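The values are calculated or read from the model by the stated rules, or taken from the named source; none is laboratory data. Here the structure is a predicted model, which is why all the values come from computation and not from measurement. Don't worry about glycine lacking a Cβ; one is built from the backbone with ideal geometry, like all the others, and counts go over all protein chains shown. For accessibility, only protein heavy atoms count, side chains too; no ligands or nucleic acids. Shrake-Rupley method; radii C 1.70, N 1.55, O 1.52, S 1.80 Å.
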Amino acid sequence: MNNSELKGIIEALLFVAGEPLSIDRLKNILEDVEKKSIQDMLWELQHEYDIRLSGLRIVEVAGGFQIASRPELAQWIKRLKKV
């Protein structure tokens with residue numbers, strides 16, 4: 001698998017997991033991929049989300065990584081939950 005495919009797979013896994021995913025857990029899923037490559041892809045994804053000012057970000061929390069909304073967008077999310 002190439003880097004673009006790996007990045008897409010990691011992004012999808014973070015999106016559907018519903019909980020933080022550790023690098024070790026990602027490594028167990030992506031058996032043939034080195035931990036360093038997983039770490040590098042997580043960093044690239046974090047950077048890409050940041051430079052495009054995405055409404056989402058990848059955060060490190062509870063010993064793992066997950067996709068989360070940006071805190072500065074909380075007012076819009078609260079409005080969504082009201083309607």
Fill in the blank from the handout: Residue separation between L56 and Q75 times 0.36 nm, minus their alpha-carbon distance, gives in nm 5.4 nm
Handout entry: Distance (nanometres) between label positions extended 7 Å along Cα→Cβ at E34 and I9
Key = 1.6 nm
Exercise for the section: Taking the Cα centre of the chain as origin, work out the dipole magnitude from +1 charges on Lys and Arg Cβ and -1 charges on Asp and Glu Cβ, in debye rounded to 20. Expected result: 660 debye
Problem - Rel. contact order, % - alpha carbon contacts under 8 angstrom, at least six apart, the chain - result: 29 percent
Handout entry: For I29, net neighbour charge (Lys/Arg +1, Asp/Glu -1) across residues whose Cβ lies under 15 Å away
Key = -3
Exercise for the section: Please report how many Lys pairs in the chain have alpha carbons closer than 17 angstrom, counting only residues at least 8 apart along the chain or sitting on separate chains. Expected result: 5
Problem - Given charges at Cβ of Lys, Arg, Asp, Glu: the chain dipole, positive-most of M1, M41, S69 - result: S69
Practice task
Report, to the nearest whole %, how much of the accessible area of segment 8-79 belongs to carbon and sulfur atoms, 1.4 Å probe, protein only.
Solution key: 53 percent
Handout entry: Residue-normalised accessible area of segment 1-72, expressed per residue, 1.4 Å probe, Å²
Key = 64 Å²
Practice task
Jot down the per residue volume, in cubic angstrom and as a whole number, of the convex hull over the alpha-carbon atoms of the chain.
Solution key: 101 Å³
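Report, in deg cm²/dmol and to the nearest 500, the calculated mean residue ellipticity at 222 nm for the chain, where each DSSP H run with n ≥ 4 adds -39500 (n - 2.57) and the sum is divided by the residue count.
So the helix-based figure for the chain works out to -18000 deg cm²/dmol.
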